[in-house]
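The values are calculated or read from the model by the stated rules, or taken from the named source; none is laboratory data. The structure displayed is predicted, hence computed values, not measured ones. So basically every Cβ, Gly included, is an ideal-geometry build from the backbone, and we count neighbours across all protein chains shown. To get the accessible areas, we keep the full protein, side chains included, count just its heavy atoms, and leave off ligands, DNA and RNA. Shrake-Rupley method; radii C 1.70, N 1.55, O 1.52, S 1.80 Å.
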Amino acid sequence: MKDEKIQDLIQKEISRQRDGLVLIPSENYASPEVLAAMGTPLSNKYSEGYPGKRYYGGNKFIDEIEALAVERAKKLFNAEHANVQPHSGSQANAAVYLALLKPGDKILGFDLKAGGHLTHGSPVNFSGLTYNFAFYGVNPKTELIDFSEVEKIALEFKPKLIIVSTTSYSRILDFAKFSAIAKKVNAYLLGDIAHIAGLVIAAEHPHPFPFCDVVTTTTHKTLRGPRGGLILCKEKDEITGGSLAQKIDKGVFPGLQGGPMDHIIAAKAICFLEAMQPAFKKYQRQIILNARAMAEEFKKQGIRVVSGGTDNHLMVIDISSFGVESKKIQDGLNELNIYVNRNTIPNDSKPPYNPSGIRVGSPAITTRGLKEKDAALVAGLVAEFIKNFGDKNVKIKIKQEVQRLVKKFPIYNNFKW
Ligand SMILES: *Cc1c(COP(=O)(O)O)cnc(C)c1O
């Protein structure tokens, strides 16, 4: 590369990913095939529109690629319609709002502190600035979604759209129960499965269809594909009787985006094919087993897990009783090549910049090949670090263990750059 500075920095970042344990539940390691597709001249092409209906010439092969991606997405998620163009999860959500609502319309979302996402009504995000949001949270005692509360708020607020999602909620999302509430108030139901898409495909989590009208997801979290978004929906709009699929497509283009990223769409198609393989199902099963083993280890070590455990790939641990700020724990673990992110806990008394929780997940270490015992060991290292914060010998020991684990479970060893 002529640009030595960037070449050097990319190499350093690859090494960082290779040499560290990623416990950030939204991150993963895409396959070399997926990565390769992203680095192709497909990136050069303009193809505003959809297969067979483009505004530019020269889209013969791009059309075939996008059509294949759409076909695979539909099959994989058992969906009537798929749009593979959203640049990312946030764009997928924005396109859905744009397709179904008018500015100022009411949306009922999941409280951000309890596990919702920025694009579900945060006051500093386009969603909260454009639409009128109300929120349901979790029961303060059980830290589980309380459906009588969801229903009560829905009946009072009368939203046009209800969102079911998780960014940090570690329990099953009951789409059927949400659907019953949405039907009572004649609202659309959006399932944002950005985090749990892989689990859904492998039937390790209940399926959002037929309960949701629309489903959005990222393609880079448990799905392990390229950085991107995806919208799945029913063909028919069950509220107005028109075509929901057409509305959603219009919402993406020309509503929200210009030209799609064709190199990413090709990589999405590859990731969908990977996700159809039996090995992917096994991988998702292992993600769940590893997350459970981690939650058990935290509890054994006396660290509280929000809601008492996990049904999915992630958990939030409550560190408020240890007298160390979560940002310091995140930064300290960074130095030992363990990557986590600080997170609010339900009804957190501390601000989001320095909240009371640490979010931990198993997808990336499971891609490396770690099994339950190893995952518990990693959780044990995190627990030891928190309980002995600042202890030099503990730090040395943890660093050595991390080095041993990343050698035992290598990733991207043959990756050429
Ligand atoms: C990660 C996430 C998104 C957005 O994803 P980006 O790709 O970062 O825009 C949306 N919704 C949920 C629930 C998420 O967890």
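Quick look at the numbers
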{"read-out": "Residue that is touching a strand residue (DSSP E or B) at 6+ places or on another chain (Cβ under 9 Å), of a type in the set (A, V, I, L, M), at pLDDT below 95 and assigned by TED's automatic domain parsing to the domain that holds F178, where the choices are A99, A79, A92, A114", "value": "A114"}
{"read-out": "All helices (runs of 4 or more DSSP H) inside region 36-135 with 1 or more residues being within 19 Å of A154 (Cβ to Cβ)", "value": "89-100, 126-130"}
{"read-out": "Answer from F280, F298 - the residue that is outside the structural domain of F110 (by TED's automatic domain parsing), modelled with pLDDT of 95 or more and closer than 30 Å to D63 by Cα", "value": "F280"}
{"read-out": "Residue that is within 24 Å of K234 (Cβ to Cβ), within 20 Å of the chain's Cα centre (by Cα) and within 14 Å of the ligand (Cβ to nearest atom), where the choices are L190, L118", "value": "L190"}
{"read-out": "Number of the exception - E80 against (1) open to solvent by 70 Å² or more (accessible area, probe 1.4 Å); (2) free of Cβ contacts under 8 Å to residues at least 60 places away in the same chain; (3) under 30 Å from K281 (Cβ atoms); (4) not aromatic (F, W, Y)", "value": "(2)"}
{"read-out": "Residue within region 188-203 that is out of contact with any Cys (no Cβ under 6 Å at 6 or more places or on another chain), assigned to a loop (DSSP other than H, G, I, E, B), more than 26 Å from I365 (Cα to Cα) and touching a residue at least 24 places away in the same chain (Cβ under 8 Å) present", "value": "no"}
{"read-out": "Yes/no for V215 being buried (at least 18 other Cβ atoms within 10 Å of the Cβ), modelled with pLDDT of 95 or more, in contact with a strand residue (DSSP E or B) (Cβ under 6 Å, 6 or more places away or on another chain) and part of a helix (DSSP H, G or I)", "value": "no"}
